[in-house]
Amino acid sequence: MKALKLFLLTVIFSFVFVTALTAQDLSLTGYARNYTGLLLNGNNDFSIIQNTFNLNIEQSKDFVAYKVNPYMYQYADRELEIGLREVYLDVYFNSVDIRIGKQQIIWGKADGVFITDIVSPKDLREFLLPDFDEIRMGINAVKLDYYINNNTFELVWIPTFTPTRYPGGNSIWQIQPEFPIEPVFDYSKQKVEQSFKNSEIFGKFSMLTSLIDLEIMGAYAWDDDPTMHVYKQIDPVTHTLTGLKVMPEHHRLTIGGGSFSTTLGPFVFRGEGAYYSGKGFNTTDPAIKDGVVEKDYLHYLLGTDFTVWDIHTSLQFIQERILDYNNFIYNDEVQNMGTFLAAADYLNETLHLKFFMYYDFENNASLIRPTITYDVADGFTALLGANIFTGNEGMFGRFNENDMIYTKIKYSF
Amino acid sequence: MKKAVLLIAILMLTGITVHAQEKLTGLEIMKKVYNRPTGNDMEANLTMILISSSGNERVREIKQYIKDSGDVEKKIMFFIKPADVRNTSFMNWSYDDPKKDDDQWIYLPALKKIKRISSDSKGDYFMGSDFTYDDLGDRKPEEDTHKILREEKLNGEDCYVIESIPKDEDYMYSKTVTWIIKDKWIGLKKEFYDEDGEYLKILNIKDYKKIKDYWIITQTEMDNVQKNHKTVMKLSNIKIDTGIPDSKFTERMMKRGLK
């Protein structure tokens with residue numbers, strides 16, 4: 001598989017290089033950006049000092065196109081990071097498009113929530129704070145789209161599994177799992193070996209009509225997040241816990257879902273839902289030796305967008321529900337979350353105010369993200385923002401020490 | 001940005017043709033402007049130059065395609081400049097049925113996602129310019145009460161001067177006054193008055209030409225006198241009746257862009 005990957009990359013790069021040399025319509029776009037964040041913890045610690053260079057090299061001719069998207073992150077306190085977010089080749093036929101290579105694939109109608117949008121794994125090293133094109137990782141895939149009028153059948157084959165990328169040990173975004181005693185981690189089962197049998201397949205039908213936009217999807221994929229299998233060592237005499245071994249392992253999932261979007265007067269109504277079969281959850285049931293039980297799981301969203309007093313507003317309600325639940329399961333049976341967005345433009349659309357919030361109903365916690373962006377000149381923007389975490393528990397409350405203000409100075413070309 | 005879309009072309013194509021000897025009402029004149037034939041399809045490059053009170057200029061460039069299939073007119077726009085909105089696309093389906101709202105979608109390349117948006121805010125400004133969607137031609141003549149004020153020459157052209165007062169008292173303009181060339185049915189100049197009756201802005205047609213028997217306005221200038229902000233709008237590389245296929249106005253093309 002490595003040889004195949006190397007071969008494909010060599011072919012793509014050779015094609016790009018040769019074509020670029022002879023091309024007259026080569027498109028070079030991208031941006032340079034400084035992102036500086038300051039923690040509001042009283043110590044004036046920088047949460048991030050990052051300089052980014054992102055380049056999009058694109059070219060098309062007749063029925064063939066390609067894109068190469070190298071990026072570079074330079075940090076004050078970390079090693080230089082250079083990578084390729086996307087490198088792919090497009091081939092266009094009359095009613096079929098084929099894309100081969102490293103690519104980001106985005107599905108669904110939800111904003112800021114991942115329900116059917118599960119093809120590209122997430123880079124969560126900075127939690128959910130980066131721009132979404134930086135959260136979604138490119139994956140090596142073959143994507144085929146077949147078009148009939150405004151209907152699209154899409155098939156994605158991912159030969160090699162890529163998991164979620166998590167923060168490192170020193171990161172303020174790392175989540176420390178809670179155990180009664182210090183565990184020993186065994187990562188021997190975490191890696192999904194590269195083989196045809198372990199590849200992933202995703203399919204989607206989408207239609208775009210005057211009445212409604214619709215997507216129906218299905219997948220046979222790996223859970224991007226590993227399940228923690230926990231093996232307990234119990235003293236046979238005292239029956240006390242003497243040791244814990246934790247083995248992270250990715251589970252196979254069968255997923256079916258869909259999404260819709262339609263308008264009614266000034267309102268846009270959106271919905272998205274997915275049924276996950278075989279998702280692993282931690283349980284305290286003493287009869288289960290590895291502390292994991294597989295349950296089916298439902299994740300869905302309803303939302304609306306509208307404009308009031310020239311303020312573009314969006315509301316979303318999201319629910320996660322574990323089916324066939326029992327009280328041994330560590331997670332809550334139902335988790336409810338909401339999002340709220342308000343955005344407005346002023347000064348001939350040179351000044352942009354935005355307020356976005358996630359709200360975790362179960363833990364009474366939230367992430368509040370206000371921003372002010374000013375377009376200094378065409379392509380040159382300055383942003384001042386804040387990330388405020390409220391509450392003490394849950395996915396937002398646990399970061400309540402990480403409140404920060406930040407600036408982003410960006411030049412696009 | 002979601003508004004960054006449509007109707008520019010309609011404005012550019014808007015004209016009128018009436019027989020000078022007929023005695024027309026104000027509404028009939030405005031209907032002729034609105035319904036003037038503009039071909040079955042058109043592609044063009046649109047450039048907008050936004051000029052602030054201090055003289056700073058910002059430039060927006062768009063490639064647009066329009067096709068009229070009888071009961072529905074479809075448009076798709078691809079944003080080229082500024083760089084931070086490049087590859088954004090916008091699609092609008094507009095229906096002859098006055099009861100049916102337009103359908104609109106926007107493709108945001110950073111999100112790699114097509115979003116359906118509401119077409120309800122036609123009084124919103126287009127891409128930070130001084131044109132609202134209604135200014136760009138989406139306002140139907142029946143929405144206003146029209147009166148012929150006088151006939152006079154403007155720039156050497158015989159014109160009707162028409163006063164239009166919105167039937168909806170809450171509309172953003174209290175009235176507009178338009179100078180319409182009699183034999184070409186082009187609105188040569190238009191004055192806009194705000195909700196308080198104060199003079200707000202003026203539209204001047206700077207250039208127009210005949211392409212394939214259609215009068216096409218190729219350059220306009222909207223001057224907001226209250227904000228001292230101006231927008232120059234130019235159409236270039238205009239191609240009419242080339243047979244743009246229906247497949248141009250699809251999800252596939254929104255994502256693919258100008259490739």
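The values are calculated or read from the model by the stated rules, or taken from the named source; none is laboratory data. All of these numbers come straight from a predicted model, not from anything done at the bench. Backbone-built Cβ (ideal geometry, glycine too); neighbour counts: all protein chains shown.
Give the residue that is surrounded by the most Cβ atoms within 10 Å (Cβ to Cβ), with candidates limited to residues of region A:299-312 that are in contact with a Phe, Trp or Tyr (Cβ under 6 Å, 6 or more places away or on another chain) and within 11 Å of another protein chain (Cβ to nearest Cβ). Reasoning before the result, please.
Residues of region A:299-312 in contact with a Phe, Trp or Tyr (Cβ under 6 Å, 6 or more places away or on another chain): A:302, A:304, A:306.
Going one step further and asking which of them are within 11 Å of another protein chain (Cβ to nearest Cβ), we end up with A:304, A:306.
On the way: A:Thr304: 15, A:Phe306: 18.
Once the filter is applied, the top-ranked residue is A:Phe306.
Do we have A:Ile318 as within 30 Å of A:Leu208 (Cβ to Cβ), touching a Leu at 6+ places or on another chain (Cβ under 7 Å), assigned to a strand (DSSP E or B) and of a type in the set (A, V, I, L, M) here? Walk me through it before giving the result.
Numbers: within 30 Å of A:Leu208 (Cβ to Cβ): yes; touching a Leu at 6+ places or on another chain (Cβ under 7 Å): yes; assigned to a strand (DSSP E or B): yes; of a type in the set (A, V, I, L, M): yes.
It is true that A:Ile318 is within 30 Å of A:Leu208 (Cβ to Cβ), touching a Leu at 6+ places or on another chain (Cβ under 7 Å), assigned to a strand (DSSP E or B) and of a type in the set (A, V, I, L, M).
So which residues in region B:64-75 are over 15 Å from B:Lys239 (Cα atoms), in contact (Cβ under 8 Å) with a residue 24 or more places away in the chain and buried (at least 20 other Cβ atoms within 10 Å of the Cβ), if there are any at all? So that I can check it myself, show each step before the final result.
Filtering region B:64-75 for residues over 15 Å from B:Lys239 (Cα atoms) gives B:69-74.
Cutting the leftovers down to in contact (Cβ under 8 Å) with a residue 24 or more places away in the chain gives us B:69-72, B:74.
B:Lys74 - this is the single residue of region B:64-75 that is over 15 Å from B:Lys239 (Cα atoms), in contact (Cβ under 8 Å) with a residue 24 or more places away in the chain and buried (at least 20 other Cβ atoms within 10 Å of the Cβ).
Could you list, in sequence order, the residues of region A:55-99 that are acidic (Asp, Glu) and more than 18 Å from A:Tyr146 (Cα to Cα)?
Passing the criteria: A:Glu58, A:Asp62, A:Asp77, A:Glu79, A:Glu81, A:Glu86.
State the number of residues belonging to region A:284-303 that are over 22 Å from A:Met217 (Cβ atoms) and in a strand (DSSP E or B).
If we filter region A:284-303 for residues that are over 22 Å from A:Met217 (Cβ atoms), which is where we start, we get A:284-293.
Then keep just the ones that are in a strand (DSSP E or B); that gives A:292-293.
Result for region A:284-303: 2.
Residues in region A:236-261 that are surrounded by fewer than 18 Cβ atoms within 10 Å (Cβ to Cβ), assigned to a strand (DSSP E or B) and of a type in the set (S, T, N, Q): how many?
Of the residues in that region, 2 qualify.
Within region A:321-355, take every residue that is within 14 Å of another protein chain (Cβ to nearest Cβ) and part of a strand (DSSP E or B) and give me the one that is farthest from A:Ala287 (Cα to Cα).
Here is the first cut: in region A:321-355, the ones within 14 Å of another protein chain (Cβ to nearest Cβ) are A:341, A:343-352, A:354.
With the extra rule that they be part of a strand (DSSP E or B), the set shrinks to A:341, A:343-346, A:351-352, A:354.
Values: A:Leu341: 45, A:Ala343: 52, A:Ala344: 55, A:Asp345: 58, A:Tyr346: 61, A:Leu351: 60, A:His352: 56, A:Lys354: 50 Å.
By that ranking, first place goes to A:Tyr346.
Which is farther than 26 Å from A:Leu298 by Cβ, surrounded by 14 or more Cβ atoms within 10 Å (Cβ to Cβ), out of contact with any Phe, Trp or Tyr (no Cβ under 9 Å at 6 or more places or on another chain) and more than 14 Å from every other protein chain (Cβ to nearest Cβ), of A:Asn140, A:Asn170? Don't jump to the end; show me each part of the working.
Working: A:Asn170 fails: surrounded by 14 or more Cβ atoms within 10 Å (Cβ to Cβ).
Selected residue: A:Asn140, the only one of A:Asn140, A:Asn170 that is farther than 26 Å from A:Leu298 by Cβ, surrounded by 14 or more Cβ atoms within 10 Å (Cβ to Cβ), out of contact with any Phe, Trp or Tyr (no Cβ under 9 Å at 6 or more places or on another chain) and more than 14 Å from every other protein chain (Cβ to nearest Cβ).
Among the strands (runs of 3 or more DSSP E) contained in region B:133-227, which hold 3 or more residues that are in contact with a helix residue (DSSP H, G or I) (Cβ under 8 Å, 6 or more places away or on another chain) and surrounded by 20 or more Cβ atoms within 10 Å (Cβ to Cβ)? Lay out the reasoning, then the answer.
Numbers: elements: B:144-154, B:157-166, B:173-181, B:187-194, B:199-211, B:214-224.
Answer list for region B:133-227: B:157-166, B:214-224.
Return only the number of the condition from (1) crowded, with 18+ Cβ neighbours inside 10 Å; (2) modelled with pLDDT of 85 or more; (3) among the polar types (S, T, N, Q) that B:Ser119 does not satisfy.
The failed condition is (2).
Based on what the data block shows, is B:Met233 closer than 30 Å to A:Val91 by Cα and surrounded by 20 or more Cβ atoms within 10 Å (Cβ to Cβ)? Reasoning before the result, please.
Values: closer than 30 Å to A:Val91 by Cα: no; surrounded by 20 or more Cβ atoms within 10 Å (Cβ to Cβ): yes.
Considered against the rule, which asks whether it is closer than 30 Å to A:Val91 by Cα and surrounded by 20 or more Cβ atoms within 10 Å (Cβ to Cβ), B:Met233 comes out as no.
Under the condition of being modelled with pLDDT under 95 and crowded, with 16+ Cβ neighbours inside 10 Å, which residue from region A:381-396 is farthest from the other protein chains (Cβ to nearest Cβ)?
Step one: filter region A:381-396 for residues modelled with pLDDT under 95, giving A:392-395.
Still in the running and crowded, with 16+ Cβ neighbours inside 10 Å: A:394-395.
On the way: A:Gly394: 26, A:Met395: 22 Å.
Once the filter is applied, the top-ranked residue is A:Gly394.
Somewhere in region B:42-53, is a residue under 30 Å from A:Glu215 (Cα atoms) and more than 10 Å from chain A (Cβ to nearest Cβ)?
no
Pick from region A:120-137 the residues that are within 12 Å of chain B (Cβ to nearest Cβ) and among the charged types (D, E, K, R): which of them is surrounded by the most Cβ atoms within 10 Å (Cβ to Cβ)?
Applying the filter and picking the extreme gives A:Arg136.
If you scan region B:93-111, which residues turn out to be at the interface with chain A (Cβ under 10 Å from one of its Cβ atoms), part of a loop (DSSP other than H, G, I, E, B) and surrounded by fewer than 20 Cβ atoms within 10 Å (Cβ to Cβ)? Even if it seems obvious, please write down each step before you answer.
Here is the first cut: in region B:93-111, the ones at the interface with chain A (Cβ under 10 Å from one of its Cβ atoms) are B:93, B:95, B:100-105, B:108-111.
Still in the list and also part of a loop (DSSP other than H, G, I, E, B): B:100-102, B:109-111.
Within region B:93-111, B:Lys100, B:Asp101, B:Pro109, B:Ala110, B:Leu111 meet the criteria.
Can you confirm whether region A:34-46 contains a residue that is β-branched (Val, Ile, Thr), more than 12 Å from every other protein chain (Cβ to nearest Cβ) and either in contact with a Phe, Trp or Tyr (Cβ under 6 Å, 6 or more places away or on another chain) or farther than 30 Å from A:Lys204 by Cβ (or both)? Steps first, please.
Taking region A:34-46 and keeping what is β-branched (Val, Ile, Thr), we get A:36.
Among the residues that remain, those that are also more than 12 Å from every other protein chain (Cβ to nearest Cβ) are: A:36.
Those still in the list that are either in contact with a Phe, Trp or Tyr (Cβ under 6 Å, 6 or more places away or on another chain) or farther than 30 Å from A:Lys204 by Cβ (or both) too: A:36.
Checked against the condition, which is being β-branched (Val, Ile, Thr), more than 12 Å from every other protein chain (Cβ to nearest Cβ) and either in contact with a Phe, Trp or Tyr (Cβ under 6 Å, 6 or more places away or on another chain) or farther than 30 Å from A:Lys204 by Cβ (or both), region A:34-46 yields at least one hit.
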